[in-house]
Every structure is written in C-alpha cells, then in structure tokens.
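All of the numbers you see were taken from the coordinates with simple rules; none came from a lab. Quick caveat, the model's predicted, so the values are computed rather than measured. Cβ placement follows ideal geometry from the backbone for every residue including glycine, while neighbour counts extend to all protein chains displayed.
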Amino acid sequence: MQESEAAESAAPADDEATVAPSFDCAQSDSKATDLVCDTPMLARMDNELQRLYALAESGTYTSEDRLQELTAMQRGWIKGRDDCWKADDLMQCVTASYAMRIHELRQGFFDSRQQDEKGISNGPLALACVGADYGVSVTFIQADPGVAFLQWLDQSVALVQVPSGSGVKYEGSNYAGAAQLFAKGDDAMFTPPGGTEMTCRVEEIG
C-alpha cells in the first residue's frame, strides 16, 4: 500500500443529512459546536476525534500519568475550539482545531493508531521535501471533503480538499499566508504559507 493512500481513498459514503457529531446538538452551547452540528465535514471530524480519544484513553500503553495528561489536554482543546468565535474565520478556526487535535492524538498516543480500518484518519506521515532543511509531518482525514494537517518547525496549517483533475489537492492558509498541497501516489508538491512550491515524497515515519 502506498504511504499516501489515505489522501486518495474514497470519501465516506454516509448521507450528509444523517451525519451527527459525537455530542448532542440539542445541548450545543457555543458557536463552534453549532457549526459542527451544521457541517457534515466537521461532524465527521468530531466523531473521528472521539474515536481516537477513546482508544487512547483505554489503551494498553496509556499510563496513569499519560491518562491525566490526555484528559487535561482534551479539556484545553475543547476550550480552544469554543474560543474560535473570536476568530475572523470561524470555519477555518474550527477545522484547524479539529485537524490539529486529531494529529496530536495520532502522534502522541500509540493506541489511537491501532484500529485505523474503523476510522477516517491516517498518519502522521513524513513529507520529505527537496531543499527543505526541516521535517514536515502530515495527517490525512477523509472527512468529505478531505483535510490534510501539516506541521513543521513552529508552524502548522490545515488544508481542505478542493477539486482536482488528477491526484488530490488541498488548499488553506494560516497567519503567514496561503498554502497548498498536491498529492498523487507517494509524490507531492507542497507550498508552505508565504513560501515557494517544493517537490516532496510522502513517506512512513521511522
């Protein structure tokens, strides 16, 4: 299987009208959770995050100290997500918040990566780019449209899938500017925010 298969796999086939997040929308108490309830892509990301969190919480490799860390980080994440009402672009902020947390759970908790056949996320994978003297990690989320979360140095960006003639293209931005990722098989082209396009390969980490 190619490392970037998750970037090109079929989107979830559920009926958008039936997509519900992991929480009760009748109890929604923030603009962020209202948006999740109204947006199938975000509802799918919420369900995936909850699935990963449950795996990490009950995981064989999650010690008591790590469990306390997991719980504290989740509480902090919820507060940060709900604070997205302050952002200029609520949709961008909430999408990035979910993508980052999914990436963090997959990266930091081994058990969260043990049942990928039941979920919609894959990674983190390495994006090895020609001319880059730093590493880039990427997690793909098949949320229909798909989302790619990339992290490098002190930056990160969540990109959303857009129509493409071939391969898979993601676009988005952060405080530094617009960014783009194009992936086809294991080959990729990445334009970091405010930077120039780089030729890359998607590889397994380690």
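Positive-end ranking of M41, F110, S58 along the dipole of the range 12-118, with charges on Cβ about the Cα centre, is headed by F110.
Note on Y134 and D89: the extension gain reaches 13.3 nm, defined as 0.36 nm multiplied by sequence separation minus the Cα-Cα distance. Helix 64-82 and the longest principal axis of the Cα set of the chain meet at an angle near 90°. The Cβ shell under 12 Å around A158 holds other residues with a net charge of -1, Lys and Arg each +1, Asp and Glu each -1. Among the GluC sites (Glu not before Pro) in the range 98-204, those placed in a DSSP loop whose Cβ has at most 10 other Cβ atoms within 10 Å are E204. Averaging the sequence gap over all C-alpha pairs within less than 8 Å and six or more residues apart, then dividing by the number of residues, gives the range 12-118 a relative contact order of 32 percent. Evaluating kT/(6 pi eta Rh) at 20 °C and 1.002 mPa s, with the Kirkwood radius of the range 150-206 over Cα pairs in the Stokes-Einstein relation, gives 182 µm² s⁻¹.
In the chain, Cα pairs under 8 Å separated by at least six residues give a relative contact order of 21 percent.
Summing -39500 (n - 2.57) over the DSSP H runs of n ≥ 4 in the chain and dividing by its residue number, what mean residue ellipticity at 222 nm do you reach, to the nearest 500 deg cm²/dmol? Could you put the intermediate results ahead of the total?
Numbers: 5 runs with 68 residues, N = 206.
Mean residue ellipticity, 222 nm, calculated: -10500 deg cm²/dmol.
When you filter the chymotrypsin sites (Phe, Trp or Tyr not before Pro) in the range 106-182 for DSSP loop state and at most 14 other Cβ atoms inside 10 Å of their Cβ, you are left with Y134, Y175.
For a label point 7 Å from the Cα of D34 along Cα→C-beta, name the residues of the range 81-119 whose backbone N is under 14 Å from it. Counting backbone N atoms under 14 Å from the label point, the list is 82-87, 90-91. Computed from phi, the 3J(HN,Hα) profile of the range 32-38 under the Karplus parametrisation 6.51, -1.76, 1.60 (θ = phi - 60°) reads 5, 6, 4, 5, 4, 5, 8 Hz, with x in place of Gly and Pro. Once C-alpha pairs closer than 8 Å and six or more residues apart are averaged by separation and normalised to the residue number of the range 134-206, the relative contact order reads 17 percent. Across the options L181, I78, S166, the greatest Cα extent toward the positive end of the charge dipole of the chain (unit charges at beta carbon of Lys, Arg, Asp, Glu) belongs to I78.
Legend: Rg and Dmax of the chain, from Cα coordinates, 16.5, 50 Å.
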